[in-house]
Structure formats: C-alpha cells, structure tokens
Amino acid sequence: MESTHMAHHHDDRNRSASSSRIAITGIALSLCLPALAQIDSTKITLEQAGTLNTMKAEAEAKGWTFTVGDTEAFRQELWKINGVEGAENWRKDAAFDDAPPRGTPLPTTFDWRNVGGVNYMTDVRSQGGCGSCWSFALYGSLESNILIKDGLNRDLSEQWLVSCCGLGGCGGQWPGFAANYLQRDGLYVDECGGFGAVVEQDFPYLASDDFCGCPYEHPYTIESWSFIGPEWGTPTDDQLKQAILDHGPITVCITTNGAFSAYTGGVFNAHDPDPITHAVVLVGWDDAQGTEGVWFMRNSWGDWWGEDGYMRIEYGCSNIGYNALYLDYDGSGDEDGTLNVPGEYATIQQAIDAANPGQQVLVAAGRYSGEGSAVIDLAGKAITLRSSAGAEATILDGEHARPVIELLSSEGSSTVIDGFTITQGYSALGGGLRVDGTPTIRNCIIRDNNAQSAGGGLACSDPTGPTLENVRFCGNMVGTTLGAHCFGSWVDGGAVDLDDWCTCAGDTNDDGATDVADLLAVISAWATDEASADFNFDGTVGVDDLLTVISNWGTCS
C-alpha cells in the first residue's frame, strides 16, 4: 500500500505496458520496439535476498501455484503498511445488501476486462508513498462504472479523498466510510462543502497528506453504495459474483504478506489469516482455475506488479472479499429511464427485453458480438437503441455467421437505431439489418455485410421503408444483383443514397483524396479500433491500414 520511493510518484499512476510508434521515410515502414516501463533502481538487501530465497523454498514445500520474485513492492515492503485503518464507526449510515443471488445460474467465468471483447477497466494506478489503497480501490470501481455506463475513460483524483475529506489520508481509511463523500445527497462534504469525485487533472496525485486547496468541480456522484452480504461476516462467493455482474467491479479488503508483495504471476494460494491490511478491486472470476476457482483482483501497486497490476487469487484466500462494497452509479441517463449496457444488463438483448415503450437502451463504446449482441430483435417496441460514443466506437459484429439486427414486428418510426457500426452480418435476406416496418435508423455505418439473395447491408419489405438519416454504406455484398447495399421497393423512391462510402479506400476524412492527412490519421489511431482508420475492419488500426492509404494514394475517381 505504501512506498518510500517518492521520485516519480505522479508519473507512476499511469504506466503503459508498451507503446508503438511508426517512422515513415518515403515508402519505408518501421515499427518501434515497445517502451520499457521504468522500475525502481533500489537494490535488494542481503536480508531481503535471504527472505526471498526462503520464500521460494516455502513455495516448493507447500505447493504454491504462483511465482515470487524481486519486485519493487517486495523491496519497499508495501505489505507491512496497514492502509485500511480509520473510522471505528464505519457501519454508521451504511447499507447492507444481504440478498442471495438471483435464480439464474451464474456464469462460470466473467471478467470486466473482456466483455464482448471490450476492456471496461481504466489503467492500473500506483499509490506511491502513501497508505491510500482505500481511495484507489474505491475509484477502481467508480472509474469502471463511468466507462461501463457512459463510455467515458476518466481518471479521478484520489488526492482529493486523501487531502480534502478528513478521512485519515496516508494513514489509512475504510473504503466504505470514504464512499459517503461521493454521494449526491451531500450529507458528507469536503472542506469547502463539496461532494462527489474530482477529476485527476484538477488535483493531481501527490502521494502525501498535502494541502487541499479546494473548491473543486465535482462532476461525478453516486446515488448510493452498499456493503455486500450480512452486517457481520464475509459475503459468500456467489454474492460477490452477483454484485460484480450487477454493479461492475467491486471494492474489497484483503490481508497482505511478504509472498503477496513478491507475487509475479500464477494463482495465489498462500493463505494468511492475519488481520486485514489492504483494499483492492475484484473485476471477475473463473471457476475452472485454482482449487475451486479464482478471483481476478486489481491492485494499486502499478502495472509492473503481478500480472500487469492484477492477481489471480483463490476463493477465500487471505480474507479476500472482507468489507466488500459496490457503488450505485446511475450513469448519464438513468434518471429518465435509460437502461445501460453492459452496466445494468450484460447484453444488448437483455436490456431490450427489459425496456418499456419510450425508454432508451444506451450501449457503451466497444465491439459487441455473439449471443445477445447479434441477432438483436426489438420485438416491435417503440424504444431507442443508442450508442453512447457513436458509430465509429460502437460496433455490432455478426461474425459472418448471423444477421446483426432484425426488426420483423412492423416497428414504426418511434423505434430508433442510433449510432452504431453494423458489420459482418450474414443472412439469406438482409445481412446487416432486416426490416419489415418503418423504423428510424440514423448515424450508422453499415459495412461489410453479406446476403445470399438480396440486401447485403439492409433489406426491407415495407413499401414505405425505414427512415435513414446520416447512414453510410460500405463494402456490402450479395449473392445476386439485387441490392448489394440495400433492397426493397422504397429504394426506388430515392430514400437511400447508394454510393459506396468505401470506394475511396484510405480516405479517413471523406475529402475525396487519399493523402498525407490520411496517413497521419492512421498513425494517430495506431493500435486502436478507430473505425475511420480501420479499413480492413479487423478491430485494430495497423500495418494493413497504413498500406491501404499508400496503395490508394491520390484523388479518388
């Protein structure tokens, strides 16, 4: 939890595992090697070396299923610092959710780092020389909830919690007591009367009990928070799993020891029954690993510790799950009846099934495929299915095996599809979308879909057809000549622009030419899933996309 190493405490918060750069001279291409993460240069002492050798012998004797090594956390003896000391009356004003899991079977594995191919965890942070694990564990949950429900990657200020709220600072605190200061009811306020999270850029992390300097803006608040399980005791594994599914990553406490700090990978199974010392985040689980299953646990000792800042730890090991809590973050639209995916609902179809007429299903940025994400059926409901980040960031993928969206219940104009890329759908009729009514489809990219007979991108049987607003077609195919992009009698009425948006391959900004601006756009988007620069639509901007720009250089015909 703490480190006496202060030289680069702020930069340590957001280290990337690697980065890629591209240098171009003429037509020559070269990729730079990943940048190496900085590490503490402090040498291990003879005493620590002896302890580490003894630990490795213990690992062999006791059958540990993880490896230990000379980590910065081990050298700095972070495990000896108790970061969850604090208010004795931590149960005051607290809610306890002791509800059992719902009747539906829990999945055998789940991980918020990979939900439909999307990572909903923000970067692993490092708390540096301060016993502030409680603030990092709390924000590990809140930042993820913001990403899940709003599609926004936010870095929140742990320093505000440390310096401004009278919570114990670097001396430690219970995360639940600190969560009170995030609530929108304003019952707990900082030194200037403010409540709710502050963003990192307004009060950067200092790893010390520094002067507060408020007031600050507080753009993110929670509706409430709750402990998981009974008021006295540790929640069951199934209760923890259900909370992770329903509320995103959860904040929990754990006991740390020397083996914990020296952990370099594998399934941690060195159980320690000693008192609680540390706060962390649980992001998922896998019943098939370890003796009876493992938790995926996120730490706040930097991404150079453990497995990129994470640990796989056996159920029940070292008091994992003690004092567990979840945050109730509404997201950007719940107050008006918005259903969030994948926050409140794991799949798009689940949210649609739960929606009532007039409601909105808001889908966070990411790539969605498989059951519940395609085939999507709105079942005649007058609802809005909308992405939170737009078509270039929210992709519905049929994986060349199934249609993406089916509107086969005579949906009217009050049924709205807004802001998606619909791709790689496959069907006999209407590879991307098949429509039997007159819904509204806006701000969408329909690309690389395929139909056996007609309507590679979209097919409609209603003579009036859907209303299309800012819909772009690209590279759709069909087995016959009947409408590669779209098919239906309404097409003849001029309701659809049949121009192929892809005919100018490599043109990222739609200016009718492939040139230096497009080359720079691809480089800027390198290793991301930026749709405007991902010409082969494989989910990552890379060498193939760069070559597409170069090979199509010039003015589009």
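Okay, here's what the table says:
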| read-out | value |
| --- | --- |
| Residue 397 at positive phi and surrounded by 20 or more Cβ atoms within 10 Å (Cβ to Cβ) | no |
| Residue within the stretch 268-291 that is within 23 Å of residue 130 (Cα to Cα) and assigned to a helix (DSSP H, G or I) present | no |
| Residue match in the stretch 414-437 (condition: more than 15 Å from residue 373 (Cα to Cα), in contact with a Ser or Thr (Cβ under 6 Å, 6 or more places away or on another chain) and crowded, with 24+ Cβ neighbours inside 10 Å) | no |
| Residue among 511, 538, 545 that is surrounded by 12 or more Cβ atoms within 10 Å (Cβ to Cβ), assigned to a loop (DSSP other than H, G, I, E, B), acidic (Asp, Glu) and modelled with pLDDT under 85 | 511 |
| Residue within the stretch 382-389 that is crowded, with 24+ Cβ neighbours inside 10 Å and assigned to a strand (DSSP E or B) present | yes |
| Residues of the stretch 353-369 satisfying the condition of being farther than 8 Å from residue 383 by Cα and of a type in the set (A, V, I, L, M, F, W, C) | 354, 362, 363, 364, 365 |
| Residue match in the stretch 316-325 (condition: in contact (Cβ under 8 Å) with a residue 12 or more places away in the chain, buried (at least 22 other Cβ atoms within 10 Å of the Cβ) and either farther than 18 Å from residue 241 by Cα or among the hydroxyl-bearing types (Ser, Thr, Tyr) (or both)) | yes |
| Some residue of the stretch 41-49 being closer than 25 Å to residue 205 by Cα, surrounded by fewer than 15 Cβ atoms within 10 Å (Cβ to Cβ) and at pLDDT below 75 | yes |
| Restricting the stretch 199-237 to residues that are more than 30 Å from residue 320 (Cβ to Cβ) and acidic (Asp, Glu), the residue that is surrounded by the fewest Cβ atoms within 10 Å (Cβ to Cβ) | 217 |
| Residue in the stretch 269-290 that is without any contact (Cβ under 8 Å) to a residue 40 or more places away in the chain and hydrophobic (A, V, I, L, M, F, W, C) present | no |
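The values are calculated or read from the model by the stated rules, or taken from the named source; none is laboratory data. Please read these numbers as outputs of a predicted model, since none were measured by experiment. Because the Cβ atoms are built from the backbone with ideal geometry, glycine has one as well, and the counts that use them run over all protein chains shown.
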